[in-house]
Each structure stands twice: as structure tokens, then as C-alpha cells.
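The values are calculated or read from the model by the stated rules, or taken from the named source; none is laboratory data. This is a predicted model, so every value here is computed, not measured. Virtual Cβ from ideal backbone geometry, glycine too; neighbours counted across all protein chains shown.
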Amino acid sequence: MSDSDPYFGISRLDQESVGTHGWQVRFQRKGVRYGRFFSDSAWGGEAAALGKAQKFRDRLLARAERGGAETAASPRSHSSPAARNRSGVVGVTRIMQRSADGTEYYFWQASWTTGEGKRKTIRYSVLKHGNETAFELACIARREALG
């Protein structure tokens, strides 16, 4: 699907069980995710809701191409930790993996989005490096990746 497709980034949602009918706009540009739901009932029917969804999508795509301020993520999402962040460092997370035999392995993981919008991660083993060193390595990896 290309950006010129009239349905690019737009999906139809019909969920009878909850009475939801409308069009969902969802796409990502330069690491920023966009999304909004356009309900048939709020916009005067299926065709009108689709038209609103397409206009919304086209406006956002145009802004993303110009590199406008609207395309940047909120400062909170990249510069300060979210409320649920327990490491205190944006993009650095302690994770646990359980093997088939039930053994738990802990890692510190650094994650970031490249300039091309690709998600990257790197993990450092707590078993191999120790908790503090693995955490520091993850922090350093993220800082270096972001330049």
C-alpha cells in the first residue's frame, strides 16, 4: 500500500457487539505514531466519516513531509520518564525472560527509534555483567545510539 492509496493508513471497524462502526486512521512517520477514530454516527454516516478520516490522514502526512513541529513527539515521551517507568531512564527497561524449564533470566534493555523510523533494542545480561553494570551499559548504548 502506498501513500497515494485512498485507504492508506485507514481501516474499517465494525464491532456489532459494542455498537462501534467507523474508520480508524493509524500510521507512523519518523518514529511518531498517529491515530484517530472517526465514528459513523458522529460524522453523519459511513461515507462522511471516511471523508473526514481521509482529510485528517492527508493533513498529517503533509505535515510529516514538511517536518513541521506537529510531527515531533511530545517532550515527555522522549526526555523524561513516564509515570510507570521504574528505571528512571527513558528507553531503558529491566526485563525478565523465562526459559522452557522455568529458569528466569534478567536483562537491562535499551531501546530507541532510528532516524529511518526503525525500532532498535540491545540487551545486557544481569547474570553476565551484574545488575549495575548491565544497567549502565544499556544507558550508554541508548545515549550513543541517539547521538
Subject >> Scan of segment 123-147 for residues that are among the basic types (Lys, Arg) and farther than 12 Å from residue 93 by Cβ, ordered by number >> reply: 128, 143
Subject >> Per-region count, segment 10-41, residues in contact with a helix residue (DSSP H, G or I) (Cβ under 8 Å, 6 or more places away or on another chain), at pLDDT below 90 and in a helix (DSSP H, G or I) >> reply: 0
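Out of all the residues in segment 92-103, is one or more acidic (Asp, Glu) and under 25 Å from the mean Cα position of the chain (by Cα)?
In the first step, residues of segment 92-103 are kept if they are acidic (Asp, Glu); the result is 101.
Still in the list and also under 25 Å from the mean Cα position of the chain (by Cα): none.
The answer is no; no qualifying residue exists.
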Original post:
Within the bounds of segment 59-78, is there any residue that is assigned to a loop (DSSP other than H, G, I, E, B), hydrophobic (A, V, I, L, M, F, W, C), surrounded by 13 or more Cβ atoms within 10 Å (Cβ to Cβ) and modelled with pLDDT under 95?
Top reply: yes
**OP:** Taking only segment 79-118 into account, find how many residues are outside any loop (DSSP other than H, G, I, E, B) and without any contact (Cβ under 8 Å) to a residue 12 or more places away in the chain.
**Re:** 5
